[in-house]
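Taken together, the values in this text are just the output of simple stated rules run on the coordinates, not laboratory data. What you see is a predicted model; the values in this text were computed from it and never measured. Cβ sites come from the backbone with ideal geometry, for glycine too, and all protein chains shown count toward neighbours.
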C-alpha cells in the first residue's frame, strides 16, 4: 500500500515539475519519462530490482536525447508570420 502511494506521489511531482515548461521542454521531459518507464520495465524483467534501476536511468537518458533530437526548434528554423497573416519558415535570427 505504501509503495503504491509513493509511486502516485512521485508521478504527481513529475507532472507538476513540467507544468511551467515550454512545449519543447515538455516534449523532452515526456520522452525522458517514457524512456525511463520502458527501461525500468525491461530491466526489471531481465534482472529484477537492480536491473529496473539501471534500465530506468539508461532509458531516461536515452529518451531525453531522442526528445531533444526530435525538437523542431533544434533545426535552426523558426516560424514567422507576415502582416497578411501568412506563416513561413526561415532561419532563426
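Stretched out fully, how many nm does the piece from residue 53 to residue 38 gain, at 0.36 nm a residue minus the Cα gap?
4.3 nm
So, by mean Cβ neighbours within 10 angstrom, what's the order for 57-69, 80-92, 41-53 with the highest one leading?
Per-residue Cβ counts within 10 Å, averaged per peptide and sorted highest first, yield 57-69, 41-53, 80-92.
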